[in-house]
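Peer 1: Have a look at the structure that comes next, please.
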Amino acid sequence: MCFPKYFMSSIGKKQVVATTGLLLIIFLIGHLAGNLFIYAGPETFNNYAKKLAGLRPFLYLIEIPLAAVFLIHIYITLLLVLENFRARDKRYAVSRAVGQRSLATRLMPYTGTIVFLFVIWHLLDFTFSDHHGPRAIMPDGRDLGLYGVVYNSFTSPWHSFGYIVAMMAIGFHLAHGIQSFFQTFGVNHPVYTVMIQNTSNALGILMAVAYSSIPVYVLFMEYSLK
């Protein structure tokens, strides 16, 4: 196989997008597992964050390739969008009726944009923020580190609402992404394809609900104490 020619082809680009998307989904699952430590309380959550940060510089061996995968996923996706745009006059020959496509598929351009903007917001909001600054101070004066930053952020209904909307977008994007991965690599079976669709939809819902449960939990705790 000639790799330059492969990456220039439409199918090559689609397979790269599918593969990088699957890698990002695996990361999201692992990231969720860490985030759920928040339910164990400030000490457990902060200890997890400290242990993770203590893995540096080894952690860079994961973060740098992950960032590269994310950027490649976006870049190749944009190339495919441009190709489709240029071929819009020929779409009538291969397009399916809108009603035959799933909601997740139809929303892909919008959910992808929301996810991209959310990643930037999330990094600035939590990853690169001061974990012992004013945002970490609880109303009772305790400095709870990253736990305090997360908790105080989600006490704002608007902050929580924006996060939940982004998680819904991730859920839709993920549900389509898993199905697209198998379809792109030629998996088409009367039984297995349906199973893949149901599983990917269920995983998308689960991920969206699990991530969204954190701001909902904070809001519930905040207003139950008033």
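The values are calculated or read from the model by the stated rules, or taken from the named source; none is laboratory data. Keep in mind the model is a prediction, meaning the values are calculated, not measured. Methodologically, a virtual Cβ is constructed for each residue, glycine included, from the backbone with ideal geometry; neighbour enumeration extends over all protein chains shown.
Peer 1: Identify, please: which residue in the range 14-71 is among the polar types (S, T, N, Q) and touching a helix residue (DSSP H, G or I) at 6+ places or on another chain (Cβ under 6 Å) and is, among those, surrounded by the most Cβ atoms within 10 Å (Cβ to Cβ)?
Peer 2: We begin by selecting, within the range 14-71, every residue among the polar types (S, T, N, Q); these are 15, 19-20, 35, 44, 46-47.
Right, trim to touching a helix residue (DSSP H, G or I) at 6+ places or on another chain (Cβ under 6 Å) and you get 15, 20, 44, 46.
On the way: GLN15: 18, THR20: 21, THR44: 13, ASN46: 19.
Among residues in the range 14-71 that are among the polar types (S, T, N, Q) and touching a helix residue (DSSP H, G or I) at 6+ places or on another chain (Cβ under 6 Å), the one surrounded by the most Cβ atoms within 10 Å (Cβ to Cβ) is THR20.
Peer 1: Among the residues of the range 88-122, write down those that are at pLDDT 70 or above and of a type in the set (Gly, Ala, Ser).
Peer 2: Matches in the range 88-122: GLY112 only.
Peer 1: Still on this structure, please answer the following. Could you list, in sequence order, all residues of the range 123-142 that are farther than 21 Å from SER213 by Cα and either small (Gly, Ala, Ser) or at pLDDT 95 or above (or both)?
Peer 2: SER129, GLY133, GLY141
Peer 1: Kindly indicate whether SER160 is at pLDDT 95 or above, surrounded by 13 or more Cβ atoms within 10 Å (Cβ to Cβ) and polar (S, T, N, Q). I'd like the intermediate steps shown before the answer.
Peer 2: Details: at pLDDT 95 or above: yes; surrounded by 13 or more Cβ atoms within 10 Å (Cβ to Cβ): yes; polar (S, T, N, Q): yes.
Considered against the rule, which asks whether it is at pLDDT 95 or above, surrounded by 13 or more Cβ atoms within 10 Å (Cβ to Cβ) and polar (S, T, N, Q), SER160 comes out as yes.
Peer 1: Before we move on, is ASN198 buried (at least 17 other Cβ atoms within 10 Å of the Cβ) and modelled with pLDDT of 85 or more? Even if it seems obvious, please write down each step before you answer.
Peer 2: Numbers: buried (at least 17 other Cβ atoms within 10 Å of the Cβ): no; modelled with pLDDT of 85 or more: yes.
When the stated conditions are applied, ASN198 does not pass them.
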